[in-house]
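Asker: I'd like to ask some things about the structure below.
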Amino acid sequence: MDYKIIKFQQHGDDRGQLVALENDKEIPFNVKRVYYMYNTVKGVRRGFHSHKKLKQILICTSGSCKIHLDDGHETREITLDKPYEGLFISHNLWREMYDFSPDAVLMVLASEMYDESDYIRDYNEFLKSVK
Ligand code: TYD
């Protein structure tokens, strides 16, 4: 399955921690868009789509949440709870986000601008697209 957890370098000192991310270094693509989810209502599950082209890195910069990934053959459940860890997700993977802690901030770095035509939001259509 085309995903990986990337552990970012922490620049820590007696003041605390800092993580820096640069295009084509820590991030294996050029970032064209950043968005983040917060104040997610308890029990909410969101996502429910795949992308035709878009690559993303998900970072839970505060709190925790879980990510369900599905490539049409197998599934994975991944917990994001460290601000120095990123989950790289390639295109053609069905994703759902759930179990957000009240303080969760899920930040997403994306390889493309927002484009609704890049989304597959129907699960059966997704299955056909990966067969
Ligand atoms: P939506 O795709 O429903 O979020 P999720 O897949 O996480 O459930 O997006 C929610 C709203 O935000 C929807 O009206 C589209 C808008 N949106 C943007 O305008 N730009 C973006 O980059 C994203 C990701 C969403």
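Asker: Counting only C-alpha contacts under 8 Å and six or more residues apart, can you give the relative contact order of the range 53-131 as a whole percent?
Answerer: Relative contact order for the range 53-131 comes out at 40 percent.
Asker: If you don't mind, another one. What net charge do the residues around Glu112 carry, taking every other residue with its C-beta under 11 Å from that of Glu112, with Lys and Arg at +1 and Asp and Glu at -1?
Answerer: Counting the neighbours of Glu112, the net charge comes to +3.
Asker: Right, here's the next one. Less than 19 Å apart at the alpha-carbon level, and either on another chain or at least 8 residues along: which aspartates and glutamates does that give for Lys52?
Answerer: Asp2, Asp70, Asp71, Glu74, Glu96, Glu112, Asp115, Glu116, Asp118, Asp122, Glu125
Asker: Rank Asp81, Asp71, Asp118 by mean-square fluctuation in a GNM of the chain with C-alpha springs under 10 angstrom and give only the top-ranked residue.
Answerer: Greatest mean-square fluctuation among the candidates belongs to Asp118.
Asker: For the pairs Lys7/Lys131; Lys4/Lys53; Lys82/Lys131; Lys42/Lys82; Lys32/Lys82, flag any whose C-alpha to C-alpha distance is greater than 25 Å.
Answerer: Flagged as over cut-off: Lys7/Lys131; Lys82/Lys131.
Asker: Further question: Counting heavy atoms of the protein chains only and a 1.4 Å probe, report the per residue accessible area for the chain as a whole number of Å².
Answerer: On a per-residue basis, 58 Å².
Asker: Within the chain, which is the longest segment containing none of the GluC sites (Glu not before Pro) that sit in a DSSP loop and have at most 15 other Cβ atoms within 10 Å?
Answerer: That would be 75-131.
Asker: Counting just the Cα atoms, what span does the chain cover along each of its three principal axes? Round to the nearest Å and put the largest first.
Answerer: 52, 35, 25
Asker: What trypsin sites (Lys or Arg not before Pro) in the range 1-77 are in a loop by DSSP, with at most 14 other Cβ atoms within 10 Å of the Cβ?
Answerer: Arg15, Lys25, Lys32, Lys42, Arg45, Lys52, Lys53
Asker: Further question on the same structure: Which of Leu106, Leu58, Leu21 ends up with the largest GNM mean-square fluctuation for the chain, with Cα atoms connected below 10 Å?
Answerer: Looking only at Leu106, Leu58, Leu21, the biggest GNM fluctuation is shown by Leu21.
The values are calculated or read from the model by the stated rules, or taken from the named source; none is laboratory data. Keep in mind that what you see is a predicted model, and the values were worked out from it rather than measured. No Cβ is skipped: glycine too gets one built from the backbone with ideal geometry, and neighbour counts run over all protein chains shown. When the accessible area is computed, the model is the full protein with side chains, heavy atoms only, and any ligands, DNA or RNA have been set aside. Shrake-Rupley method; radii C 1.70, N 1.55, O 1.52, S 1.80 Å.
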